[in-house]
Amino acid sequence: MKNKLDFIGTEFRKKLKQVINHLDKSVDVLYEIATKDEKTGLYNNRFFREIFDIELENAKRGKVFCLIVVDIDFFKKVNDKYGHLTGDRVLKSLAKILQKSLRKKDIIARFGGEEFFVLLPDTIIKKAEKIAERLRKKVEESKVNPKITISLGVSEYKKRDNFRTITNRADKALYKAKEQGRNKVVVS
C-alpha cells in the first residue's frame with residue numbers, strides 16, 4: 001500500500017513533519033497553561049474542579065473520597081519579612097513535599113494564595129486523617145527555610161454533597177485547627 005504522502009516531495013514532507021511536531025509541542029504547552037499553577041507546577045483550581053466533579057459522580061455511585069484543605073501557617077509573615085520571592089520559593093518547596101508524600105492517585109492543587117486542596121479518592125475519613133497527619137509532620141520536619149508549618153482540615157463525602165458543602169466542612173475544620181494553635185489536623 002502506498003503512503004498517502006508519496007505524491008508530495010521530500011522537502012514538503014519534512015516541513016509538514018516539523019509543523020506537526022510544533023503543533024504537538026504547542027498542545028502540550030496549552031495543556032500546562034490550562035491545568036497547572038505556574039508557581040508550584042501543581043494543578044490549578046479550575047482543573048481541580050473538573051477532577052472533583054468526576055469524583056463526585058463516582059461517589060454518587062457508591063465510591064468514597066475525602067478532601068483535605070491545607071493552609072500555610074502565618075504565610076503573610078513570610079512574605080512581609082522575607083519578600084515575595086522567598087514566599088514563592090516556600091510555595092514550591094511545600095508543593096514538592098506534598099507531592100512526594102501523597103499516593104499517585106491523589107490529586108493536589110494550589111487553590112489560591114497559600115491554600116492547597118488534596119482530593120483522596122477511595123479513602124475513608126480515618127485514612128484521610130492519617131494522611132493529613134503525615135503531611136503535617138513531613139512539613140514540620142522539612143528543611144524549608146524559613147521554617148513553616150501547616151494547618152489542615154479534613155472532610156469526607158456525604159450523600160448529597162457538592163463542591164461547596166464538602167469544601168465548607170473542610171474549611172471549617174481548617175479554621176478550628178488554626179484556632180487551636182495551628183500546625184494541627186482537624187476532621188469535620
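Counting Cα-Cα pairs of the stretch 16-79 in 10 Å increments starting at 0 gives whole-percent bin shares of 17, 28, 28, 19, 8, 0.
Rounded to 0.05, the FRET efficiency of the Lys15 and Glu50 pair, given R0 = 41 Å and the Cβ-Cβ distance, is 0.65. Length gained on full extension, Lys76 to Arg164, computed as 0.36 nm times the residue gap minus the Cα-Cα distance: 29.1 nm. Which one, Phe163, Ser93, Phe111, projects farthest toward the positive side of the charge dipole computed for the stretch 45-187 from Cβ point charges (K/R +1, D/E -1)? Result: Ser93, furthest along the dipole toward the positive end. Fully extending the segment from Glu38 to Lys60 would add 4.7 nm, taking 0.36 nm per residue of separation and subtracting the current Cα-Cα distance.
Footprinting exposure proxy ranking of Ser101, Ser26, fewest other C-beta atoms within 10 angstrom first, gives Ser26, Ser101. State, as an integer percentage, the relative contact order of the chain based on alpha-carbon contacts under 8 Å between residues 6 or more apart. Answer for the chain is 24 percent. Pair-distance distribution of the chain: all C-alpha pairs, bin width 10 Å, starting at 0; shares per bin in whole percent are 9, 32, 28, 13, 8, 7, 3, 0. Extending 7 Å from the Cα toward the beta-carbon at both Lys147 and Lys105 defines two label points whose distance is 3.7 nm.
Where a number appears in this text, it was derived from the coordinates with a stated rule and is not lab data. Everything numeric here is computed off the predicted structure, so don't read it as measured data. A quick note on method: Cβ atoms are made from the backbone with ideal geometry, for glycine too, and the neighbour counts reach across all protein chains shown.
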